[in-house]
Amino acid sequence: MESDVFNKLRALTINVVDGGVSQSISDKEYTRLYINGKREGNMHKQYEFINAMERGGLNFPEPELVYILKEAFEIDEDRALFIINDKTDILTIAFIGYGVQESIKKHIIKSSAITNPIVKYEMIRQILKTHIPLENSALDAVTRGCVQLSEMDAMVFSFMLNELQCQSNFFIMIGRALNSLSDNAIKIYAENINLQRGVGYFEQVNTLLEQIEKENWDKIFSSITEIIYRKWNDLLDKSKAEKGIDDIIICSYSNLILCCMLNLFSNQDNFFIELNDILETCDKYLYTWHSDSSVMKTAYFVYATKLYMLRLIQINCKFTLYKDLNDKLKTVCGLLENYRDYWKYTTNGKTLEDVTMWNTYK
């Protein structure tokens, strides 16, 4: 009986086959996506199928699988972990996760016997799926698992960051994990997060920042600052080609961006150079001919955003501008005043007078 349970667990494989004409068009496409993804070793395609399957409520394992897993862990936990660690098929690993209780998932995540990054990732993913705040034991498990995964496989770690970064529990997990991640893993995090222009995760990012321990702050921000600032500028540059932006651009990661800018421009000379460069570019752009006024409005708010963030840096660091730079800022702010009607389109009730930098130069 004992060997029979482990033989069944070892032989376990969940197969997906094309159902032919009996399948709906969407099911057929998802099936084809999974089969191709498995053949190509493409995790994104395979997880497209798994996510669709879960949305359809098809992630309930057969009672026999639940029984096999329960018996295996009760008879010989180490042996069960060894067999699970040896699995390579993503869908099979997912169903193993569906078939065990959360306590077993947490144990699989934390166990040093699990060296398979896909197994580690899948158990983290299943625990993070809930919209309910995680209990401490689950949060501790996924945080430790996140750090372990970063050390096991950079590709799977990057995949996790892309795949799970919008999960509500992701932010507190990654915030805690940043305290223990290597410098390289911290940089991978910075490269993979999406600096979303919407503010839907603004509070969650604040929660992330609250998890960073004081003694680790400088180490973490020295690793991510230049990456985040480059990505933010790229985001703003891409936004200039869009129509309909009618407010300063505040995104979910704005406070993280601001922390990076404080780190990057804490030196007064560096701040002056950056402010001067942006003022000159802004001055030039405001005199550029635009055949479409909505594109001009977008460009206006892109540069207003940059000046607004730099103004916050100036206030925080208590920098006093030298005369030429101060005069240049007054000139540009005067030009921006010519477009004050743009502010009547803002959706949050802000007016030009509410923005700190213009209050200074009325």
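Only one entry in Ile93, Ile114 is in a helix (DSSP H, G or I) and hydrophobic (A, V, I, L, M, F, W, C), namely Ile93. The single condition among (1) farther than 21 Å from Cys166 by Cα; (2) at pLDDT 90 or above that Tyr253 does not meet is (1).
Table: residues versus (1) closer than 29 Å to Gln101 by Cβ; (2) crowded, with 22+ Cβ neighbours inside 10 Å; (3) under 10 Å from the mean Cα position of the chain (by Cα).
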site	(1), (2), (3)
Leu139	yes, no, no
Val142	yes, yes, no
Leu149	yes, yes, no
Asp153	yes, no, no
Glu163	yes, no, yes
Cys166	yes, no, yes
Asp183	no, no, no
Ile188	no, no, no
Glu191	no, no, yes
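For residues that are over 19 Å from the mean Cα position of the chain (by Cα) and in contact (Cβ under 8 Å) with a residue 12 or more places away in the chain, tally how many sit in the stretch 121-137.
Going through the stretch 121-137 one residue at a time, the tally reaches 1.
Among the residues here, Lys231 does not qualify as surrounded by fewer than 16 Cβ atoms within 10 Å (Cβ to Cβ) and over 18 Å from Thr143 (Cβ atoms). Scanning the stretch 117-137 for residues that are in a loop (DSSP other than H, G, I, E, B), closer than 15 Å to Asn51 by Cα and among the charged types (D, E, K, R) returns a single hit, Lys129. Go through the stretch 146-205 residue by residue and tally those that are among the hydroxyl-bearing types (Ser, Thr, Tyr) and closer than 20 Å to Lys106 by Cβ. Going through the stretch 146-205 one residue at a time, the tally reaches 3. Among residues belonging to the stretch 264-299 that are touching an Asp or Glu at 6+ places or on another chain (Cβ under 8 Å) and modelled with pLDDT of 90 or more, point out the one that is farthest from Ser222 (Cα to Cα). Only one residue tops the list, namely Phe265.
Which residue, of Met152, Met173, is within 20 Å of Ile90 (Cβ to Cβ) and at pLDDT 95 or above?
On the way: Met173 fails: within 20 Å of Ile90 (Cβ to Cβ).
Just one listed residue meets the conditions, Met152.
For residues that are polar (S, T, N, Q) and not in a helix (DSSP H, G or I), scanning just the stretch 99-111, find the one that is farthest from Arg176 (Cα to Cα). Per the criteria, the residue is Gln101.
The criterion of at least 1 residues that are closer than 16 Å to Tyr339 by Cα and in contact (Cβ under 8 Å) with a residue 60 or more places away in the chain is met, among helices (runs of 4 or more DSSP H) falling completely within the stretch 203-319, by 293-317. The set of residues from the stretch 80-90 being assigned to a helix (DSSP H, G or I) and either of a type in the set (Gly, Ala, Ser) or more than 20 Å from Tyr34 (Cα to Cα) (or both) comprises Ala80, Leu81, Phe82, Ile83, Ile84, Asn85.
The one condition from (1) over 30 Å from Ser294 (Cβ atoms); (2) surrounded by 18 or more Cβ atoms within 10 Å (Cβ to Cβ); (3) within 16 Å of the chain's Cα centre (by Cα); (4) among the hydroxyl-bearing types (Ser, Thr, Tyr) that Thr207 does not meet is (2).
The values are calculated or read from the model by the stated rules, or taken from the named source; none is laboratory data. Only a predicted model underlies this, so the values are computations on that prediction, with no experimental measurement involved. Counting neighbours? That spans all protein chains shown, and the Cβs are built from the backbone with ideal geometry, glycine included.
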